[in-house]
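S.K.: Structure below; questions to follow.
The values are calculated or read from the model by the stated rules, or taken from the named source; none is laboratory data. Keep in mind the model is a prediction, meaning the values are calculated, not measured. Methodologically, a virtual Cβ is constructed for each residue, glycine included, from the backbone with ideal geometry; neighbour enumeration extends over all protein chains shown.
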Amino acid sequence: RERGMTPGTIISHLEKIKSLFPDCDLIRFRPDARDFKKIKEAFAATKDTKLTPVHRKLKGDYSFDDLRLARLFL
């Protein structure tokens, strides 16, 4: 929480960067392979990019910030 930024704020900045510069390499922020696989499968199963259905599908095992971060790499 350096400079008073929350994880949500940082993820918002990453989302903005991704939208402005789609080819920008953000791989260092990608969740680890095991978690990413589970989250990716949940997004595919819900056929949606909205977070709440995925959060429910994963029974709350991952935070909304975790889901937002993973969604950057789908």
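S.K.: Please state which one of Arg30, Arg34 is under 13 Å from Leu74 (Cα atoms), among the basic types (Lys, Arg) and modelled with pLDDT of 95 or more.
M.R.: Only one candidate qualifies: Arg30.
S.K.: Next question, about the same structure. Could you say whether any residue in the stretch 24-43 is of a type in the set (Lys, Arg), assigned to a helix (DSSP H, G or I) and surrounded by fewer than 11 Cβ atoms within 10 Å (Cβ to Cβ)?
M.R.: Taking the stretch 24-43 and keeping what is of a type in the set (Lys, Arg), we get 28, 30, 34, 37-38, 40.
Filter again for assigned to a helix (DSSP H, G or I), leaving 28, 34, 37-38, 40.
Okay, now just the ones that are also surrounded by fewer than 11 Cβ atoms within 10 Å (Cβ to Cβ), so 28, 34.
Checked against the condition, which is being of a type in the set (Lys, Arg), assigned to a helix (DSSP H, G or I) and surrounded by fewer than 11 Cβ atoms within 10 Å (Cβ to Cβ), the stretch 24-43 yields at least one hit.
S.K.: Continuing with the same structure: From the list Thr6, Thr49, pick out the single residue that is modelled with pLDDT under 95, exposed (fewer than 12 other Cβ atoms within 10 Å of the Cβ), more than 13 Å from the chain's Cα centre (by Cα) and of a type in the set (Val, Ile, Thr). Even if it seems obvious, please write down each step before you answer.
M.R.: On the way: Thr49 fails: more than 13 Å from the chain's Cα centre (by Cα).
The match here is Thr6.
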